[in-house]
Amino acid sequence: MRTYRPTKGPFLEAPFFRPEQIEQICDEELRKFDLLPSEPQPIRIERFIEKRFRVSPIYEELPPGALGFTQFGEKGVEAIVISRSLAEEESKTAERRINTTLAHEAGHGLLHAHLFVAGSQPERLFGDELDPKVPKILCRDQSTGKYDGRWWEFQANQTIGALLLPKVLVEKRIEKVLTRTGSFGLPQLIDKDREKAVSIVSATFDVNPAVARIRVDQLFPQRESGQLMF
């Protein structure tokens with residue numbers, strides 16, 4: 001695994017993942033625990049966390065703006081905590097946001113657990129506003145969706161789509177909306193069908209439309225517009 005020297009964060013070196021590497025990691029992990037369906041349907045992300053990390057998500061009161069955090073120990077993930085306020089909303093949107101947050105935290109577990117092995121933790125960690133003595137990554141709401149240099153959040157955000165909206169299943173679900181172009185017949189999503197595809201993906205995989213739109217734009221970028229980020 002390649003590393004680089006980041007401009008933010010407590011570690012001197014950060015892991016580098018290409019988008020296709022994150023896709024492969026998430027695909028392999030879902031398959032390993034028999035949680036990648038053969039047909040397009042919602043991913044059981046809470047079950048994945050229970051089987052992969054041997055912890056059950058818990059819900060607690062967190063600081064304002066905090067959605068959740070992953071707590072690490074010498075052997076990896078020790079706890080995944082989600083903001084109780086999300087669960088108390090009791091709405092479809094909130095339920096879907098919980099799953100998105102769970103996928104984000106699972107991403108930290110898959111990509112960043114090795115940073116917290118014995119002897120490698122710096123004095124101040126990502127979650128030090130809760131308890132400076134407990135290694136964790138505290139994740140806050142980022143409504144802008146813009147990259148602000150927090151590489152660990154950017155990487156975990158990339159796993160949201162890869163875990164909740166696996167490429168092979170998304171492509172299979174919207175196959176009839178795609179247009180085959182070129183001599184190789186490569187699938188394309190033309191602009192007039194984009195919102196229809198987003199609606200289909202949102203309903204099929206039980207994610208909020210904003211999440212579905214980002215994933216659709218990742219897999220089928222618009223030619224003349226910038227891509228969104230989780």
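The values are calculated or read from the model by the stated rules, or taken from the named source; none is laboratory data. Please read these numbers as outputs of a predicted model, since none were measured by experiment. Cβ: placed from backbone, ideal geometry, glycine included. Neighbour counts: every protein chain shown.
Scanning for something in contact (Cβ under 8 Å) with a residue 60 or more places away in the chain and within 23 Å of R173 (Cα to Cα), does region 46-56 turn up at least one residue? Checking region 46-56: at least one residue is in contact (Cβ under 8 Å) with a residue 60 or more places away in the chain and within 23 Å of R173 (Cα to Cα). Quick check: is even one residue across region 1-18 under 17 Å from the mean Cα position of the chain (by Cα), exposed (fewer than 12 other Cβ atoms within 10 Å of the Cβ) and not hydrophobic (A, V, I, L, M, F, W, C)? Yes - at least one qualifying residue is present in region 1-18. Helices (runs of 4 or more DSSP H) fully within region 135-230 that include at least 1 residues being closer than 21 Å to E28 by Cα, among the aromatic types (F, W, Y) and at pLDDT 95 or above: 194-205. Being crowded, with 21+ Cβ neighbours inside 10 Å, within 30 Å of V168 (Cα to Cα) and either among the basic types (K, R) or assigned by TED's automatic domain parsing to the domain that holds W152 (or both) is a description that applies to G109.
For every residue, the table says whether it meets (1) crowded, with 20+ Cβ neighbours inside 10 Å; (2) β-branched (V, I, T); (3) in the same structural domain as Q158 (by TED's automatic domain parsing); (4) on the phi > 0 side of the Ramachandran plot.
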position	(1), (2), (3), (4)
T179	no, yes, no, no
F184	no, no, no, no
L189	yes, no, no, no
K196	no, no, no, no
I200	no, yes, no, no
A203	no, no, no, no
I214	yes, yes, no, no
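Among residues of region 196-210 that are without any contact (Cβ under 8 Å) to a residue 24 or more places away in the chain and more than 15 Å from K172 (Cβ to Cβ), those with a Cβ under 9 angstrom from a residue that is not in a helix (DSSP H, G or I) and not charged (D, E, K, R), sequence gap 6+ or separate chain, pair up as K196/I174; S202/N208; A210/G145; A210/L228. Quick check: is even one residue across region 84-91 within 16 Å of the chain's Cα centre (by Cα) and either surrounded by 13 or more Cβ atoms within 10 Å (Cβ to Cβ) or at pLDDT 95 or above (or both)? No, region 84-91 has no match at all.
When E39 is tested against (1) under 30 Å from K172 (Cα atoms); (2) surrounded by 14 or more Cβ atoms within 10 Å (Cβ to Cβ); (3) touching a residue at least 12 places away in the same chain (Cβ under 8 Å); (4) touching a Leu at 6+ places or on another chain (Cβ under 8 Å), exactly one condition is not met: (2). Of the residues examined, H112 is one that is touching a residue at least 60 places away in the same chain (Cβ under 8 Å) and closer than 15 Å to T159 by Cβ.
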